[in-house]
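Below is one structure, written out as structure tokens; comments come after it.
The values are calculated or read from the model by the stated rules, or taken from the named source; none is laboratory data. Because the structure is predicted, anything quoted here is derived from the model rather than measured. Ideal geometry is used to build each Cβ from the backbone, glycine not excepted, and the neighbour counts take in all protein chains shown. Ligands, DNA and RNA are stripped out before the accessible areas are found, and what is left, the full protein with its side chains, is counted by its heavy atoms. Shrake-Rupley method; radii C 1.70, N 1.55, O 1.52, S 1.80 Å.
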Amino acid sequence: MSSVIEAAIQGFLGPIIDYLQDASVSEILINGPSEIFIEKKGKLEKTDTQFLDEDALQAAVKNIAQSVGRRINQNEPTLDARLPDGSRIHAVFPPCSRVGTVVSIRKFMQQKISFPDYIKWGSISLEAAQFLDVCMFLGKNILVSGGTGSGKTTLLSLLSSRIPKGQRVILIEDASELTLDYDHVVKFETRLPDQEGKGEVKMRDLLKSSLRLRPDRIIVGEVRGSEAIELINAMNTGHNGCLGTIHANSPADSLVRLETLAMSAEGKISEVAIRQQIASAIQIVVQISRFHDGLRRVTHISEVCGLNLDKTYNVIDIFKSLVNGDNLSVCGNAPSFITEIEASKIPFGRDKFSKAS
Ligand SMILES: Nc1ncnc2c1ncn2[C@@H]1O[C@H](COP(=O)(O)OP(=O)(O)OP(=O)(O)O)[C@@H](O)[C@H]1O
Ligand SMILES: [Mg+2]
């Protein structure tokens, strides 16, 4: 029994116990004691459940924080924590929050997702899934790009499940979230500074360490800070098959975002130099978006083909969907590594990329 449920049984989370136990509820959003929303199949619904009052809600949140060794109080009014069952919780206490304590709980999806599920839901087309599988097999460096809650981590986990057997995978995350069904995984998690501001271990530190630990594949849960420069360096020094997610709205934007993160870590390097490094480091960007119907769909699978003459990124779409997310299909461009695909005798030849096929 998870500690969330245990706490609920103790009465702290009584008002939301049903939603915590209901597998069809993916998120619980609490906006003060008397307003609770849930997300089901990607759609938000307002519930008629309430906490007794603000004190009861704060007691529940403090109890959760305590159960995972974190704090939330007037001096440290935000909480970011991963519960033992994998659910993710973020909370903000008033007065920073103007409506009373605000909490979001993203429940851990018990169900293991596979490409067939993803295809069945309409999140990707069969051919696009096969192409991503080819990229994973060939060890291409892949960036998963998307907005908040667009399904980046879910897709990253799905891609990771396609790593060929017999490799050593190093996974680095801010807060442990990914579950990898793989037999040789080394997991790292960052550490927050203590009350005196000491002892912090950043993603960048862990990435540096991981390079000395004989990785075959490095997976970075979310690239959002100075680790960007280390990741780019790793990719450019022969570490193939690296994966990561990034917060951006298009494949081209994801590269610009990576550039901004890398520049902020390494001020001395010129913009053109960093662009050149990014353009040769990242091979594939998979863009995912959340649509009004709640479904997350892959909208682009693009290849990064160096820089244009004007030093902008040359991003070529291999697969692209319609604006409404439907019909993810080839754009008529074969990837630059088509000869590698053919040489590997993978049954995904040149004809698969022509529009007529
Ligand atoms: N293809 C999909 N179709 C429908 N729901 C999905 C799909 N992929 C993920 N979800 C659900 O969407 C929610 C967000 O997924 P996920 O955590 O992967 O997004 P994210 O982009 O990593 O979010 P964040 O920006 O907060 O890191 C989860 O509840 C997940 O179960
Ligand atoms: Mg995520």
| query | Which order do Thr179, Thr339 take by accessible area at a 1.4 Å probe, largest first? | reply | Thr339, Thr179
| Inter-label distance, nm, simple model (7 Å from Cα along the C-beta direction), Val99/Ser344 | 4.7
| task | Mind giving me the FRET efficiency for Asp133 and Asp326? R0 is 22 Å, r the Cβ-Cβ distance, nearest 0.05 is fine. | result | 0.50
| task | Calculate the length of the line joining the C-alpha centroid of region 39-64 to that of region 120-192, in whole Å. | result | 31
| request: With 18 Å as the limit, write out which pairs from Lys112/Lys345; Lys187/Lys208; Lys112/Lys152; Lys41/Lys107 have Cα-Cα distances beyond it, or answer none. | output: Lys112/Lys345
| remark: Plugging the Cβ-Cβ distance of Leu213 and Gln50 into 1/(1 + (r/R0)^6) at R0 = 56 Å yields, to the nearest 0.05, a FRET efficiency of 0.70
| Using only helices, what value at 222 nm comes out for the chain when you add -39,500 (n - 2.57) per DSSP H run of length 4 or more and divide by the total residues, to the nearest 500 deg cm²/dmol? | -8500 deg cm²/dmol
| At a 1.4 Å probe, what is the % contribution of carbon and sulfur to the accessible area of region 3-106? | 49
| remark: Probe 1.4 Å, all chains present, heavy atoms only: Cys305 accessible area in Å², nearest 10, is 50
| request: Could you tell me what fraction of 2.2 N^0.38 Å the Cα radius of gyration of the chain comes to, as a two-decimal ratio? | output: 1.05
| said: Let me cross-check Tyr313: its accessible surface, 1.4 Å probe, with only protein heavy atoms counted, in Å² to the nearest 10? | reply: 30
| message | Given a 1.4 angstrom probe, what's the average accessible area per residue across region 3-106, in square angstrom? | response | 51
| said: Looking at the chain as a GNM with Cα springs under 10 Å, which of Lys198, Lys62, Lys140 has the largest mean-square fluctuation? | reply: Lys198
| query | How would Ile274, Ile17 rank on accessible area, largest to smallest, probe 1.4 Å? | reply | Ile17, Ile274
| query | What part of the accessible area of region 115-353, given as a whole %, is carbon or sulfur when the probe is 1.4 angstrom? | reply | 49
